[in-house]
Amino acid sequence: MQTNTTLQEQRKAPLKRNDPPAVQAILILLTLLFFAIFIFMPLGLVFAEGLRKGVAVYLEAIREPFALSAVKLTLITAAIVVPLNAVFGVTAAWAISKFSFKGKTLLVSLLDLPFAVSPVIAGLIFVLLLGTRTGFGSWLGDHGIKIIFSTPGIVIATLFVTFPFVARELIPLMEAQGREEEEAAITLGARGWQVFSRITLPNIRWGLMYGMILCMARSIGEFGAVSVVSGHIRGMTNTIPLHVEILYSEYNYTASFAVSTILVFLALVTIAIKSLMEKNVHNHQPTQH
Amino acid sequence: MPPYKSNKRHILPGFGLSMGYTVFYLSAIVIVPLATIVIGAFKMDPQAFIATVTSPRVLASYRLSLSTAVFAALCNAFFGFLAAWTLVRYRFPGRRVLDALVDLPFALPTAVAGICFATLYSPVGWMGQYLEKTGIQIINAPSGIVVALIFIGFPFVVRTLQPVLVELEPEIEESAQSLGATRWQTFRRILLPHLFPALLTGVTLSFARAIGEYGSVIFIAGNLPFKTEIAPLMIMTKLDQFDYDGASSVAFVLLLISFSMLLVLNAVQRWQQKSYR
């Protein structure tokens, strides 16, 4: 969420204002203890529990048809949600960073709204809006369009919870880059689309990719909102996190953790890409201007 | 559009299109759906609304959500500060890995975090079996909710503090020390006040996230009415009983709490920006 700091630190000379070694040792140990309890133990547990009954059971839990259909639905959802929110993010960032207009501050805070809403409420609003209880929902139902307790509902709820990721990544980046380059191109006779694809897009590509990765991670992992709208129909409207929950509540712990390893793996990949990208963003920034 | 037609304020093209699409998409995905809750709450019979949100079970859930979120945020003020401080200031093997893993709670699906903590602190779990002997109850207790919320809120504090700690000018500390301040005095009187706005921002963020958190909490909480039933779960329970009005009433109050947190956060952030200028 925040820009990385490690590279900036490294450019600075070694710190002269260091604490006494004893203090350092104690604080580092405390930090390690916190990480051990809150980060490493859960990570280790997922693999230990998932593999507890052996590799065969583990593979069985992942290859089972319900698990596969959950993976498929999750991927379909992410494949729809990420591009839609990415296009929106770029558009919103363009409008906000390249122009000045009244109410900009309000617009920017409205973009962040979904982060302040509980995931359960995010699901609830779409049940209220599009469920068969309302006029609009029943009209859709009469025309054979089922949204709630079906894939479209999952997609819309996920769109809501991942809404701000790309925009919030791009707005500060594009504001920092200013509009001189684009304005120069326009003055030299470039068309709007050329300016965007030749100048803006290359300038923001790392930020855009980073935002899309965060968006994807959340859309794969979203639980609360999806849980409300999905109806938990096995093999039909189960995403991976919901599948994990069902297995767990059936006391099928091994399978539940086995499926969780997929999500943990994806989370670790996300983190790895994120730290690599932050390096890239920092390495490229000086050359951009 | 040829450049000579655009007005002076907007040299670049595409304002109408991008702004129009932004407002349209924002309304379709966020504003209109959120408005249904607000409109629904106002359309409801006021007495029924008040009866729902002041029923003892719902009140207990608000109280629990708020108190566990406050407690977790305070714990994170400590642990987040500690982690940010060590990660920025000290050099030790594995620091890079720890720094990257701070983001794990952002990246790990909440349901996975939930089943992990529920298993770790179960009476036969890695942590639970020892805590059992000492008589500390974590699972099916408010303390379990706090554990989950600490995990969820931790990165907010670290990631808000880190850039400020990095930007901190060495001169501030050096001058304090050259004037005879001890290390502790420098920390208490100079560093802490300087870092406080950022710390507050991070803590508020983690608190705001914790109030609405669902996935990581429900597995460890046990969800006993009046005892370990958080407000988001209350909404879920009402929905399962097809009590849509009840669910939206509870949700409306929770939204009010979240949005007032947002206002607080805005004020805090403005203060933070002012104090670092």
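The values are calculated or read from the model by the stated rules, or taken from the named source; none is laboratory data. This is a predicted model, so every value here is computed, not measured. No Cβ is skipped: glycine too gets one built from the backbone with ideal geometry, and neighbour counts run over all protein chains shown. When the accessible area is computed, the model is the full protein with side chains, heavy atoms only, and any ligands, DNA or RNA have been set aside. Shrake-Rupley method; radii C 1.70, N 1.55, O 1.52, S 1.80 Å.
For chain A, what is the accessible area per residue in Å² when the probe is 1.4 Å?
44 Å²
For the range B:47-187, just say rounded, prolate or oblate: build the C-alpha gyration tensor, square-root its eigenvalues into a ≥ b ≥ c, call rounded for a/c under 1.5, and beyond that prolate if a/b exceeds b/c, oblate if not.
Since a/c reaches 1.5 and a/b is larger than b/c, the shape of the range B:47-187 is classed as prolate.
Counting only other residues whose beta carbon sits under 14 Å from that of B:THR36, what net charge do I get with K and R as +1, D and E as -1?
Computed value for this residue: +1.
At a threshold of 8 angstrom on Cα-Cα distance, excluding pairs fewer than six apart, so keeping six or more, what relative contact order does the range A:138-228 reach in percent?
45 percent
Relative to the Cα centre, what is the charge dipole magnitude of the range B:158-250, using +1 at the beta carbon of each Lys and Arg, -1 at the beta carbon of each Asp and Glu, and rounding to the nearest 20 debye?
280 debye
Taking the Cβ of B:LYS238 as the center, what net charge do the other residues with Cβ under 12 Å away carry, scoring Lys and Arg +1 and Asp and Glu -1?
-3
Looking only at A:ALA122, A:ALA258, A:ALA190, which one moves most when chain A is put into a Gaussian network model with springs between Cα atoms under 10 Å?
Looking only at A:ALA122, A:ALA258, A:ALA190, the largest GNM fluctuation is found for A:ALA190.
Largest first, what is the accessible-area ranking of A:ARG168, B:ARG189 with a 1.4 Å probe?
B:ARG189, A:ARG168
Can you put B:TRP271, A:TRP94 in order of accessible area, largest first, using a 1.4 Å probe?
Final ranking, largest accessible area leading: B:TRP271, A:TRP94.
Ignoring everything but the protein chains, give the 1.4 Å probe accessible area of B:ASP243 in square angstrom, nearest 10.
Number for this one is 60 Å².
Assign one of three labels to the range B:146-197, namely rounded, prolate or oblate, based on the Cα gyration tensor with a ≥ b ≥ c the square roots of its eigenvalues; rounded applies when a/c is under 1.5, prolate when it is not and a/b is larger than b/c, and oblate otherwise.
prolate
Using a 1.4 Å probe on protein heavy atoms only, how many Å² of accessible area do A and B hide from each other, summed over both chains and rounded to 100?
8700 Å²
Write down the accessible area per residue of the range B:1-147 in Å², having rolled a 1.4 Å probe over the full set of protein chains.
Normalised by residue count, the accessible surface of the range B:1-147 is 47 Å².
If you average the sequence gap of Cα pairs under 8 Å that are 6 or more apart and divide by the length of the range A:228-267, what percent do you get for the contact order?
Reported relative contact order: 28 percent.
Evaluate the relative contact order of chain B (contact order divided by residue number), counting alpha-carbon pairs under 8 angstrom at least 6 apart; express in whole percent.
28 percent
Given the C-alpha centroids of the range A:133-160 and the range B:107-154, what is the distance between them in whole angstrom?
A separation of 36 Å, based on Cα centres.
Can you compute the helix-only [θ] at 222 nm over chain A? Use -39500 (n - 2.57) per DSSP H run of at least 4 residues, normalise by all residues, nearest 500 deg cm²/dmol.
Here the helix-only value at 222 nm equals -24000 deg cm²/dmol.
Per DSSP H run of n ≥ 4, the term is -39500 (n - 2.57); total these for chain B, divide by its residue number, and report the mean residue ellipticity at 222 nm rounded to 500 deg cm²/dmol.
About -23500 deg cm²/dmol.
Using a probe of 1.4 angstrom, how much of the accessible area of the protein assembly as shown is carbon and sulfur, in percent?
67 percent
Each label point is 7 Å from the Cα along the Cα-to-Cβ direction; what then is the distance between the points at B:PHE78 and A:VAL108, in nm?
Distance between the two pseudo-spin positions: 3.6 nm.
Among B:ILE138, B:GLY20, A:SER197, which residue has its Cα furthest toward the positive end of the charge dipole of the protein assembly as shown, with +1 on Lys/Arg Cβ and -1 on Asp/Glu Cβ?
Toward the positive end, the furthest listed residue is A:SER197.
Dividing the alpha-carbon Rg of chain A by 2.2 N^0.38 Å yields what?
1.21
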